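J.: I am attaching a structure below and will ask some questions about it afterwards.
The values are calculated or read from the model by the stated rules, or taken from the named source; none is laboratory data. Given the structure is predicted, the values throughout are model-derived calculations rather than measurements. So basically every Cβ, Gly included, is an ideal-geometry build from the backbone, and we count neighbours across all protein chains shown. Just so you know, the surface numbers come from the protein's heavy atoms only, side chains and all, with ligands and any DNA or RNA stripped out. Shrake-Rupley method; radii C 1.70, N 1.55, O 1.52, S 1.80 Å.
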Amino acid sequence: MYPDCLKIQLHEDKMIDQKKSCIKDDWPGYSLDLFSYPAHYTGDLDCVIIPHGVIMDRTERLARNIMDDLGDHAIVVLCVLKGGYQFCADLVDRIKDLSHNSNRTIPMTVHFIRLKSYLNDESTEDLHILGGEDLSFLAGKNVLVVEGIVGTGKTMKTLLKHVEAFGPKMIKVAGLLVKRVPHSSACVPDYVGFEIPNRFVVGYALDYNEYFRDLNHICVISNTGKMKYKI
Ligand code: HPA
Ligand code: MG
């Protein structure tokens, strides 16, 4: 779809963006006292690693990048539940805003697929695809997979294989967070919000055993929090 020179440019832009969006290992985060958050999580969090407003501002820019690359054709959005729902909703809203405010409106449909691979803060070997088994409507379409967080990349790799089997014309991946983990499978999203240190984060729909989805900021969970909500 793109000439080779443009492909190389897009790849380089992606690498530069990823470097700029990197949150370093020694970033202490913001003190929780600086922001408001639900009182029921008092003591369960170490710090705010990305405040809600910053997530929203970054999402707006990602929406623009996506529009620049994909905005000439219909987009089929595939939201990866549950952790991706908030990012997907906000990203789709921003794409809609940009689309309405320009003279190139793009048709968009939004679909959902549900995955589960984490218990406590550990990735389990068996990935379950719990919804969206029949994705035959993706055939010949430009698909945007939207994920909240990419850890080892194993989940994403398995999911992409599953999606590819339905014959889409193109697949792009938007991930709000990419975690710097050892042994990652080099499955990096095309659009990355932030690259983060290898710490377990919660909030903005990311959970620890289903808790913390009702937190607006992305925070690092404390040991107390892990103990309290452990299964
Ligand atoms: N938080 C929540 N879900 C996750 C994470 C995380 O840090 N890594 C992979 N899935
Ligand atoms: Mg989870």
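J.: Count charges around Lys172 for me, please; just the other residues with Cβ under 9 Å from its Cβ, Lys/Arg as +1, Asp/Glu as -1.
T.: With Lys, Arg at +1 and Asp, Glu at -1, the neighbours total -2.
J.: Next up: If each residue of separation counts as 0.36 nm, what is the full-extension length gain between Phe35 and Thr158 once their alpha-carbon separation is subtracted?
T.: Length difference between fully extended and current span is 40.6 nm.
J.: Run the simple label-point estimate for Thr42 and Asp134 please: 7 Å along Cα→C-beta, distance reported in nm.
T.: Going by the 7 Å Cα→Cβ label model, 5.1 nm.
J.: With each run of n ≥ 4 DSSP H residues scored as -39500 (n - 2.57), what mean residue ellipticity at 222 nm is computed for the chain after dividing by its residue count and rounding to the nearest 500 deg cm²/dmol?
T.: -9500 deg cm²/dmol
J.: Per the 1.4 Å probe, what fraction of the accessible area of the chain, in percent, lies on carbon and sulfur atoms? Could you put the intermediate results ahead of the total?
T.: Working: 6300 of 11790 Å².
Answer for the chain: carbon and sulfur cover 53 percent of the accessible area.
J.: Of Lys20/Lys96; Lys179/Lys228; Lys157/Lys179, which sit over 22 Å apart, Cα to Cα? If you can, show how the numbers build up before the last one.
T.: Values: Lys20/Lys96 26 Å; Lys179/Lys228 24 Å; Lys157/Lys179 15 Å.
Violating the 22 Å Cα-Cα cut-off are Lys20/Lys96; Lys179/Lys228.
J.: Count the net charge of all other residues whose Cβ sits under 15 Å from the Cβ of Lys96, scoring Lys and Arg as +1 and Asp and Glu as -1.
T.: Once all neighbours under 15 Å are counted, the net charge is -1.
J.: Express in whole angstrom the spacing between the alpha-carbon centres of segment 80-109 and segment 154-198.
T.: A separation of 19 Å, based on Cα centres.
J.: Out of all DSSP beta bridges with both ends in the chain, state the antiparallel percent to the nearest 5. Don't jump to the answer; show the numbers that get you there.
T.: Details: 13 of 39 bridges.
The answer is about 35 percent antiparallel.
J.: Could you compute how fast the chain diffuses translationally, taking Rh as the Kirkwood radius over C-alpha pairs and applying Stokes-Einstein at 37 °C with viscosity 0.692 mPa s? Give it in µm² per second. If you can, show how the numbers build up before the last one.
T.: Numbers: Rh = 18.3 Å.
Answer, rounded: 179 µm²/s.
J.: Pulled fully out, how much extra length does the chain show between Asp68 and Ser185, if you take 0.36 nm times their separation in residues and subtract their Cα-Cα distance?
T.: 39.4 nm
J.: Could you check the simple spin-label distance between Cys22 and Phe166, using points 7 Å along Cα→Cβ, in nm with one decimal?
T.: Reported label-point gap for Cys22 and Phe166 is 3.5 nm.
J.: Taking the Cβ-Cβ separation of Asp57 and Leu119 as r and a Förster radius of 30 Å, what is the calculated FRET efficiency to the nearest 0.05?
T.: The value I calculate is 0.35.
J.: What is the local net charge at Asp72, summed over the other residues whose Cβ is closer than 15 Å to its Cβ (Lys, Arg +1; Asp, Glu -1)? List each step's numbers first, then the result.
T.: Details: positive: Arg64, Arg104, Lys141, Lys169, Lys172; negative: Asp68, Asp69.
That sum, taken over residues with Cβ under 15 Å, equals +3.
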